[in-house]
Amino acid sequence: MFEECLEVFKRELDYDNNLILDEYIPADGSYIIVDAEGKIKNYQDIKLDKKKRGTSEAVVKGSYFKEICFYDYHSKLISMNKPIDSKVIHSNNYLSFAVKKESITSKLTEAIIDNYYDILKNPLEKKYKKSKEASKIYQNFEKEYSPVNIEILEKCRSWIKQHIFSIDKLVQIDLGKKDYLKIFFEVFEVNEEDNKNRELFIQEDNRYIYPNIYNKSEYIINVKKKVYEDTYGLPYYGINMNRKKPFLKIKTRKTFIPYLLDMDKALLQKQFFEYLMSLAVNGKNNIYIDIKNYRIRAYSDQDERKDFSEISSGYYLRIQKGKELEIQVQDNIVDYQNKLLLNFYYQDFFKMNVENYPEYTKDIGIHSKRTSVGRLINEIFFSKYLLTNYFTDASDISVKDSVLKRTIVMYRNVIFDWIYKGIDNNFELAERRFSLDLIKNALINNYTLRAMTQLNLHWSFKDYFTELKQQGGEKMAEIATEIRESIKERVTSKEEVKMPINDKEYYYAVGQIAAYFISLSKAGKKSQSMINLVINISDDRVLKERLIQLYKKYNYAIDHYNVRFKNLFAMILGYKPAAQTDRQTKDEMILFGYMDSNSIYTKKEENN
């Protein structure tokens with residue numbers, strides 16, 4: 001799997017050598033570019049917008065932002081475990097100097113600065129001589145490229161020692177902050193056709209990377225092939241092996257190292273992980289790797305994915321920025337399509353007034369993509385708490401509503417698979433279960449409008465899956481309209497009482513009369529939790545007894561000549577439902593009747 005991902009990434013990188021830099025965002029801090037004459041050419045503050053997951057538009061459009069990204073990327077440490085010398089200085093070559101601002105006045109000394117440049121002046125002697133393998137890698141690098149340019153190094157050292165402790169006098173900078181100060185040196189005159197500064201930065205970056213690309217020097221071996229000797233080792237990126245993890249060693253073979261790569265592959269893997277980290281910093285957590293068409297696409301949870309609607313064969317990665325890159329989910333993708341096989345029609349079964357409830361009716365209509373339907377699930381069912389908690393540890397989910405929190409933990413994986421991976425792990429069954437729990441919970445907490453939109457979404461799913469499976473039969477919109485009109489006709493009739501046609505009408509009527517009884521309450525605060533008095537009863541005899549109790553409680557407020565009430569109550573008491581009616585249908589119809597416009601209060605339509 002990983003080999004295939006690297007192959008796709010290499011093709012993308014060959015096609016666009018700015019692939020990584022286009023997504024790269026420097027760490028928060030102040031950035032200074034010093035020109036060949038030792039003058040400050042540019043000073044810029046950069047801060048990540050954590051809500052928008054990116055830097056401000058003004059910074060991105062700044063004339064030197066791309067240069068800063070380039071210099072910063074080619075001067076950063078592989079890890080804080082692999083510094084040049086002291087962990088106070090966080091850059092990797094003499095053309096750059098990176099330090100936390102607060103360290104300038106507390107930790108940084110001239111001795112630390114000198115040690116940093118002394119090691120960079122003679123890396124072989126000062127840093128790598130204790131490791132035979134690292135020494136050999138470094139020696140080969142110098143043979144292929146060049147030794148360190150001492151003159152330029154000393155020039156950079158001199159500037160730093162002269163200005164670093166009084167840098168706040170050169171530029172307006174707060175040295176009390178905990179973010180970075182990074183200084184980059186352009187030692188050649190900038191020429192658009194031949195940018196020697198960039199070439200030198202890449203060379204000095206590689207001077208650091210090559211001997212440090214592997215996890216540890218003891219995990220490097222040399223394999224002789226014909227007359228050549230190739231270096232292989234355990235790459236730093238991808239697997240972190242140390243003495244605390246002896247279980248990673250494969251002790252049944254001569255070479256206990258579990259995973260070996262040559263230098264080219266190790267460098268490619270490093271670039272791949274850096275690319276993924278940049279995407280994660282930008283909030284693009286959903287990565288699709290198409291191994292058939294050789295393309296990588298990355299999206300935030302809010303993106304519509306207009307340019308990548310399908311993938312026939314590949315992999316899905318869910319990534320997150322932590323101290324290091326976190327790959328939270330990996331899965332195979334087969335015939336994924338963001339575009340649904342059938343359009344999803346989010347319907348309004350309550351005939352809500354659009355003008356009175358614009359917030360609750362704005363999404364009514366056709367949705368053709370999984371991610372669009374996923375947004376409905378997040379906003380309507382889960383009150384926007386699902387999207388940010390797909391991978392949050394259960395103990396860290398900051399949701400006060402215990403029912404909502406439990407539902408997120410129980411069903412988030414199934415929902416995520418259906419939306420982002422196109423995998424149907426009984427999503428239809430899961431939706432049927434969690435939707436009813438959330439509708440009841442919304443009503444209990446007096447969020448009636450939310451409960452209505454949740455039932456709208458649930459029945460929309462019901463119609464969608466029925467049509468998808470080509471089961472035929474009536475749609476929920478037709479059923480809801482027929483039930484509403486039938487009960488209304490019976491309630492408003494002045495003739496002999498007519499019984500409900502079926503159980504669905506009966507339970508709708510139960511919901512109607514429960515809502516009517518509650519409306520008669522003179523309590524200062526009418527809690528919707530009163531619906532529990534009827535919704536949680538499974539035995540019909542007990543249900544009728546409970547309704548009679550409610551009648552006795554509120555009959556003082558019912559007019560003797562209220563024909564509509566009499567018709568409704570009589571048809572409920574006189575009807576016996578079938579034993580085989582499932583609990584789901586019963587609860588849904590009671591809830592629908594309870595939240596729908598009440599037929600007792602409905603104005604009588606006049607005939608023209």
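Amide hydrogen proximity for D331: with H placed 1.01 Å from N in the peptide plane, the residues at 5 or more positions away or on another chain lying under 5 Å are Y316. Listed values for region 150-162 are Karplus-derived 3J(HN,Hα) couplings in whole Hz (6.51 cos²θ - 1.76 cosθ + 1.60, θ = phi - 60°), namely 5, 4, 5, 4, 5, 5, 5, 4, 4, 5, 4, 5, 6, and x replaces Gly and Pro. In this simple spin-label model, placing a label point 7 Å from the Cα along the Cα-to-Cβ direction at both S312 and D45 gives a separation of 5.2 nm.
Can you tell me the relative contact order of the chain? Whole percent, Cα pairs under 8 Å, sequence separation 6 or more. Relative contact order for the chain comes out at 10 percent.
Tell me, what is the per residue accessible area of the chain in Å², probe radius 1.4 Å?
Solvent-accessible surface per residue comes out at 52 Å².
Each residue of region 174-180 was assigned a 3J(HN,Hα) from its phi angle through the Karplus curve 6.51 cos²θ - 1.76 cosθ + 1.60 (θ = phi - 60°); the sequence is 9, 6, x, 6, 9, 8, 8 Hz, with glycine and proline shown as x. By the helix-only formula, in which each DSSP H run with n ≥ 4 contributes -39500 (n - 2.57) and the sum is divided by residues, the chain has a 222 nm mean residue ellipticity of -13000 deg cm²/dmol.
Stretched out straight at 0.36 nm per residue, the stretch from D28 to Y447 would grow longer than its current Cα-Cα span by 146.7 nm. Here the gap between I558 and L387, fully extended at 0.36 nm per residue and compared with their Cα-Cα distance, gives a gain of 56.8 nm.
A simple rule links phi to the HN-Hα coupling: the Karplus curve 6.51 cos²θ - 1.76 cosθ + 1.60 with θ = phi - 60°, which for region 94-103 gives 6, 7, 9, 8, 10, 8, 5, 4, 5, 6 Hz, with x for Gly and Pro. For region 320-364, the calculated P(r), taken from all Cα-Cα distances in 10 Å bins from zero up to the bin holding the longest distance, is 19, 22, 20, 25, 14, 0 percent. For region 305-346, the equivalent ellipsoid derived from the alpha-carbon gyration tensor has semi-axes of 26, 14, 9 Å in decreasing order. Hey, of [x] 56; [y] 49; [z] 66, which did the structure itself give for percent of Cα pairs over 35 Å apart when calculated? Of the labelled values, this structure produces [x].
Restriction of the GluC sites (Glu not before Pro) in region 102-197 to DSSP coil positions whose beta-carbon has at most 12 other beta-carbons within 10 angstrom yields E189, E192, E193. Pairs of lysines in region 290-360 whose Cα atoms sit within less than 29 Å of one another amount to 7, provided the residues are eight or more positions apart or on different chains.
Once the Cβ-Cβ distance of A36 and K178 is raised to the sixth power relative to R0 = 25 Å, the FRET efficiency obtained is 0.20.
Per-peptide packing, taken as the mean over residues of other Cβ atoms within 10 Å, places 455-462, 558-565, 384-391 in the sequence 455-462, 384-391, 558-565 from highest down. Under 5 Å between amide hydrogens, built in the peptide plane, is the criterion, and for I364 it picks out nothing among residues at least 5 positions away or on other chains.
Which value does Rg/Rh take for region 94-207 over its C-alpha atoms, Rh per Kirkwood? The partial results should precede the final answer.
Numbers: Rg = 16.0 Å, Rh = 15.8 Å.
Rg/Rh: 1.01.
As a fraction of the 1.4 Å probe accessible area of region 278-328, surface on carbon and sulfur atoms comes out at 38 percent.
Helix 2-15 and the longest principal axis of the Cα set of the chain meet at an angle near 70°.
Taking the mean number of other Cβ atoms within 10 Å as a proxy for protection, how do you rank 310-318, 544-552 from highest to lowest? Before the final figure, lay out each step's value.
Working: 310-318: 18.7, 544-552: 14.7.
Final packing ranking: 310-318, 544-552.
Computed from Cα atoms, the angle from the helix 540-554 axis to the main principal axis of the chain rounds to 80 degrees. In this rough spin-label picture, where each label sits 7 Å from Cα along the Cβ direction, the Y15-Q471 distance is 4.3 nm. Between helix 263-281 and the chain there is an angle of about 40 degrees, using the helix long axis and the longest principal axis of the Cα atoms.
The values are calculated or read from the model by the stated rules, or taken from the named source; none is laboratory data. Treat the numbers as computed from the prediction; the structure is a model and nothing was measured. Every residue, glycine among them, receives a Cβ derived from its backbone with ideal geometry; neighbour counts consider all protein chains shown. Side chains included, ligands, DNA and RNA excluded: accessible areas come from the protein's heavy atoms. Shrake-Rupley method; radii C 1.70, N 1.55, O 1.52, S 1.80 Å.
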